[in-house]
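For reference, the structure discussed in these notes is given below.
The values are calculated or read from the model by the stated rules, or taken from the named source; none is laboratory data. What you see is a predicted model; the values in this text were computed from it and never measured. Glycine gets a Cβ as well: all are built from the backbone with ideal geometry, and neighbour counts include every protein chain shown. SASA here: full protein model, heavy atoms, side chains in, ligands and nucleic acids out. Shrake-Rupley method; radii C 1.70, N 1.55, O 1.52, S 1.80 Å.
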Amino acid sequence: MSDVRIPILVDCDTGIDDSLALLYAVASPDCDLVAVTCTAGNVDARQVAENTRAVLELAGRSDVEVAIGRETPLERPLVTTPETHGPRGIGYAELPPARMPLSPRSGPDLIVEEARRRPGELTLVTLAPLTNVALAVQRAPELPRLLRRLVIMGGSYRSPGNTAPTTEWNVNVDPEAAGIVFAAFGADSTRPLALGLDVTERAKLLPDHLAEIAARAGCSPDGRGPDGRTNAVIRYLDDALRFYMEFHSRYDRFFGAFIHDPLALATAIDPTLVRTEPVTVDVELSGRLTTGETVADWRHVWGRPPNVDVAVAADADRFFERFIERVGDLAAGR
Ligand code: BDR
Ligand code: CA
């Protein structure tokens, strides 16, 4: 591993797998977590900001700036998903109320200002509906050229959806925002890297993975150590993931969980975790059955230049090795 730390700005809707991505970012020596912006999605934006700060505090990073963005999608009412992530977005977990203050900046302003402050350096990783990024790019049309790269967890390009038959949650919540972002970042040099369900459903976390993380932290999977004390990070993982795994066993017929967002975060740090193909993508905004679908023109029938590098394969084994090692070591140190 190189000793270069990649400056990363995360936009999320924390959310169980978002929280795991935040832990992975904090645990990664090759990631410099610059700030986190919060978007409404899995839960409302205020709860997202609460969860995000509580998780960063759990990980010992109360110094990271956390900003809240617009609290509703651009044109549609907000729909949240308590059945997937629990009523507060972190499953059965209980975290102490966040103490760190919210940033006085708005999410979109923060994105624009940080990108302007260090042109060409920042990687923006979105793990949520694209509302904040759409507003940021409307405010600063030069944003695509100011970022080093945009990495998106969103869409399903060759596989079924997880919200409607052909739509993925993050795009489904705010399809207009996704349309704006895909169009704005379309030029060759600024093509975003998108991880859709095609690859993120390869990141299937199982109870054995959790046991390995706990063992690395020197405790049992419920967080109890040999000295009788509880490891707060492992306890959090166990309580949050039990809910997420129960959801997947109901809807996806396996006791485990797709951890979409950590794979996207890990890929932003190390793009060799996925193989991509350039393709032209547009978002359906007015379908009877398909609003929010990321329509990918694999056969070039539109004759338009590609605007997205879509991940088509992922090295899930290498990802899990790193996830277990890094999050296990983070937990061991808390
Ligand atoms: C995405 O939807 C959310 O529920 C997850 O956090 C992830 O970002 C997967 O479709
Ligand atoms: Ca998310």
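Leaving ligands and nucleic acids out of the surface, order 248, 300, 209 by accessible area at 1.4 Å, largest first.
Ranking 248, 300, 209 by accessible area, largest first, yields 300, 209, 248.
Could you check the spin-label model distance between residue 317 and residue 246? Points 7 Å from the Cα along Cα→Cβ, value in nm.
If labels sit at residue 317 and residue 246, their model points lie 3.4 nm apart.
How about segment 32-108: which trypsin sites (Lys or Arg not before Pro) there are in a DSSP loop, with at most 11 other Cβ atoms within 10 Å of their Cβ?
Loop-located and lightly packed - 99.
Please compute the net charge surrounding residue 126, taking Lys and Arg as +1 and Asp and Glu as -1 over other residues with Cβ under 12 Å from its Cβ.
-4
Can you give the local net charge around residue 70? Use residues other than it whose beta-carbon is closer than 15 angstrom to its beta-carbon, Lys and Arg +1, Asp and Glu -1.
-4
Answer rounded, prolate or oblate for segment 49-176, using the Cα gyration tensor with square roots of eigenvalues a ≥ b ≥ c: rounded when a/c is under 1.5, else prolate when a/b is larger than b/c, else oblate.
Oblate.
If you take the beta carbon distance between residue 99 and residue 332 as r and set R0 to 22 Å, what does 1/(1 + (r/R0)^6) give as a FRET efficiency, to the nearest 0.05?
The calculated FRET efficiency here is 0.40.
Classify segment 10-121: rounded, prolate or oblate, from the alpha-carbon gyration tensor (a ≥ b ≥ c, eigenvalue square roots; a/c under 1.5 rounded; otherwise prolate if a/b is larger than b/c)?
It is oblate, given that a/c is not under 1.5 and a/b is not larger than b/c.
Helix by helix through the chain, keep the DSSP H runs that span 30 Å or more along the axis on Cα and average at least 1.6 on Kyte-Doolittle, and give those back in order.
Taking the DSSP H segments of the chain (at least 30 Å long, mean hydropathy at least 1.6), we get none.
Starting from the 7 Å offset along Cα-to-Cβ, what nm value, one decimal, do you get for the label separation of residue 288 and residue 71?
Going from the residue 288 label point to the residue 71 one covers 3.7 nm.
Answer rounded, prolate or oblate for segment 164-291, using the Cα gyration tensor with square roots of eigenvalues a ≥ b ≥ c: rounded when a/c is under 1.5, else prolate when a/b is larger than b/c, else oblate.
The shape class here is prolate.
Add +1 for every Lys or Arg and -1 for every Asp or Glu among the other residues with Cβ under 14 Å from the Cβ of residue 166, and state the total.
So the surrounding residues net to -3.
Would you compute, from DSSP H runs of 4+ residues alone, the mean residue ellipticity of the chain at 222 nm, taking -39500 (n - 2.57) per run and dividing by the full residue count, rounded to the nearest 500?
About -11500 deg cm²/dmol.
With 20 Å bins from zero, work out the P(r) of the chain over every alpha carbon pair and list the percent per bin.
That works out to 35, 60, 6, 0, in percent per bin.
Contour minus end-to-end for residue 63 and residue 139, with contour as 0.36 nm per residue of separation and end-to-end as the Cα-Cα distance?
So the chain would gain 24.7 nm between residue 63 and residue 139.
Under a 1.4 angstrom probe, counting protein chains only, how are 249, 28 ranked by accessible area, largest first?
Largest to smallest exposure gives the sequence 249, 28.
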